[in-house]
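Structure, as structure tokens:
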Amino acid sequence: MHSAAGPAWAVWLEATSIGTAMRQWLWLYPIVEIVHIVGFVVLVGAAFMFDLRLLGLARGVPVSALADHLLRWARWALVLVVPTGSLMFIAHATEMSSNPAFRLKLLLIAAAFLNAGLFHRWPFRAVGDWDTEIAAPLPAKLAGALSLGLWTGVLACGRLLAYF
Ligand code: HEM
């Protein structure tokens, strides 16, 4: 019998058959975690490559073409990352919900998406003016630098979950 203490919703979530299977089936948790890792490697890797282009690397590669290619992969990676993250959360909902690293991780993910959304609504709209060989405007560079920092923070918090 698994005993857990915490908010009622977390105790309930952890006791569901999914939570129980995640803790009891020998290979399930590691497999889910590996899929999570594959997903965030693609997501964060694509974001990093795009951000470095905004900061001025590989200026010969059109930003619009890179966005088309990389950001498509980043969106598909979410299909791996979010369900697997949720499954691991369900397995240890009481611990995770009170884990400061987990809370910070979710906040940083939200901030990273907000930053990406603002970038698309603002500097990226005029990408035709700075698509190739021209330095990106300052707001685009700032968005790129912020994105690098936020995703690094998400990775760090993800790894630190095990230590809190
Ligand atoms: C969106 C980008 C995300 C990134 C970059 C990310 C990153 C990470 C990293 C680096 C780890 C540690 C892996 C390891 O040490 O083996 C991890 C584990 C984990 N992540 Fe994520 N994650 C993301 C999204 C999510 C989401 C959306 C959730 C929950 C809804 C989540 C929940 C978890 C949980 C519960 C663990 C397991 C911790 C453990 O077992 O010690 N993650 N993540």
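List of remarks:
- Among the residues here, residue 148 qualifies as within 16 Å of the ligand (Cβ to nearest atom), within 19 Å of residue 52 (Cα to Cα) and in a helix (DSSP H, G or I).
- Entirely in the stretch 1-116, the helices (runs of 4 or more DSSP H) that have 3 or more residues that are in contact with an Asp or Glu (Cβ under 9 Å, 6 or more places away or on another chain) and of a type in the set (Ser, Thr, Tyr): none
- Qualifying position, being within 12 Å of the ligand (Cβ to nearest atom), more than 14 Å from the chain's Cα centre (by Cα) and surrounded by 14 or more Cβ atoms within 10 Å (Cβ to Cβ), among 107, 66, 87, 78: 87
- Residue 135 meets each of the listed conditions (1) within 13 Å of the ligand (Cβ to nearest atom); (2) loosely packed, with under 14 Cβ neighbours inside 10 Å; (3) within 15 Å of residue 52 (Cβ to Cβ) apart from (1).
- Residues that are exposed (fewer than 12 other Cβ atoms within 10 Å of the Cβ) and within 22 Å of the chain's Cα centre (by Cα), drawn from the stretch 115-127: 117, 121
- Among the numbered conditions (1) surrounded by 15 or more Cβ atoms within 10 Å (Cβ to Cβ); (2) without any contact (Cβ under 8 Å) to a residue 24 or more places away in the chain, the only one that residue 130 does not meet is (2).
- Residue, farthest from residue 71 (Cα to Cα), within the stretch 92-104, restricted to residues that are more than 8 Å from the ligand (Cβ to nearest atom) and among the hydrophobic types (A, V, I, L, M, F, W, C): 93
- Checked against the criteria, residue 112 counts as within 25 Å of residue 65 (Cβ to Cβ), surrounded by 16 or more Cβ atoms within 10 Å (Cβ to Cβ) and either within 11 Å of the ligand (Cβ to nearest atom) or acidic (Asp, Glu) (or both).
- Within the stretch 151-164, residues that are within 8 Å of the ligand (Cβ to nearest atom) and at pLDDT 95 or above sit with their Cβ atoms under 8 Å from residues that are not in a helix (DSSP H, G or I) and not aliphatic (A, V, I, L, M), at 6+ positions apart or across chains, in these pairs: 161/99.
Yes/no matrix, rows are residues, columns are (1) away from the ligand (no atom under 15 Å from the Cβ); (2) touching a Phe, Trp or Tyr at 6+ places or on another chain (Cβ under 7 Å); (3) without any contact (Cβ under 8 Å) to a residue 24 or more places away in the chain; (4) over 22 Å from residue 110 (Cβ atoms):
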site: 15; (1), (2), (3), (4): yes, no, yes, yes
site: 18; (1), (2), (3), (4): no, no, no, yes
site: 40; (1), (2), (3), (4): no, no, no, no
site: 56; (1), (2), (3), (4): yes, no, no, yes
site: 74; (1), (2), (3), (4): no, no, no, no
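- Residues satisfying the stated conditions in the stretch 132-160, i.e. touching a Lys or Arg at 6+ places or on another chain (Cβ under 7 Å) and closer than 19 Å to residue 41 by Cα: 154, 157, 158
The values are calculated or read from the model by the stated rules, or taken from the named source; none is laboratory data. Note that the coordinates shown come from a computational prediction; the quantities given were computed from them, not determined experimentally. Note that we place each Cβ from the backbone using ideal geometry, even for glycine, and neighbour counts take in every protein chain shown.
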